[in-house]
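Heads up, the thing below is written out as structure tokens.
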Amino acid sequence: MNKILISIDQDFKKSTNKKNLRNCIMSSIDHGALDNYDESVSLSITSNEKLEELNNTFLGKKGPTDVLAFPFNNNWSEGKIINKDINGYEDLKYLGDIFISFPKIKEQARTHKTGIELELNIILAHGVLHLLGYDHKNKMMKKKMIIKTVEIIKHLKLDHLKAKLSLESRNGQ
């Protein structure tokens, strides 16, 4: 059984629900992983400052972002395991870490008119998909990520039509 570790900064605890976050992660895995999955994930809901620091340190980019996903290894490609034993780490069963800026979620919820709960789930699903090897480097890959994200949102019984329209508008689809 996989472990989901969730850390929420004190300032954002009242505005988030760990059970809903866990459900989103599990749904993202169920819809995104085409191979059997038994790896752990960690999630941190934090500040713009933390995301800005991580963005600068690891990607060399200035300013905060909504989500950063750091896969433990590159064993996954579009939901499929491509290498079960990379560098002898197969027994660690750790998919990776996701960091989300809650202030960015609030800002994007206003901008895209999605509401905080839907926006948080969209961005969390996006982060999990990145850990599973999905990317948006070209139009076809971007479209695949949108489709998967909408499937996840629909499974969570959230407004998948609003999510689809929002994702398409922010991604120029």
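Structure above, values below:
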quantity	calculated
Within the chain, helix-based [θ] at 222 nm, where runs of 4 or more DSSP H residues each add -39,500 (n - 2.57), nearest 500	-15000 deg cm²/dmol
FRET efficiency for LYS93 and LYS154, using Cβ-Cβ distance with R0 set to 35 Å, rounded to 0.05	0.80
Share antiparallel - DSSP beta bridges, the chain, percent rounded to 5	35 percent
Candidate values (1) 9.8; (2) 11.9; (3) 14.7, label of the one derived for mean projected area of the Cα convex hull in nm²	(1)
Residue-span extension gain [THR111 to LYS3] - 0.36 nm each, minus C-alpha spacing	35.5 nm
Around GLY127: net Lys/Arg minus Asp/Glu count, Cβ-Cβ under 11 Å	-2
Evaluated at q = 0.21, 0.23, 0.24 Å⁻¹: base-10 log I(q)/I(0), Debye formula over Cα of the range 92-143	-0.84, -0.92, -0.95
Estimated FRET transfer efficiency when R0 is 30 angstrom, pair SER40-ASP135 (beta carbons, to 0.05)	0.90
Net lengthening on full extension, ARG170/GLU78 (0.36 nm per residue, minus Cα-Cα)	31.0 nm
Linear extension gain, LYS19 paired with LYS143, 0.36 nm per residue minus alpha-carbon span	41.8 nm
Nonlocal amide H pairs with SER77, under 5 Å, H built at 1.01 Å	ILE82
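Bear in mind these aren't lab numbers, they're just calculated from the coordinates by the rules spelled out. Fair warning: this is a prediction, and the values are worked out from it, not measured in the lab. Note that each Cβ is placed from the backbone with ideal geometry, even for glycine, and that neighbours are counted across all protein chains shown.
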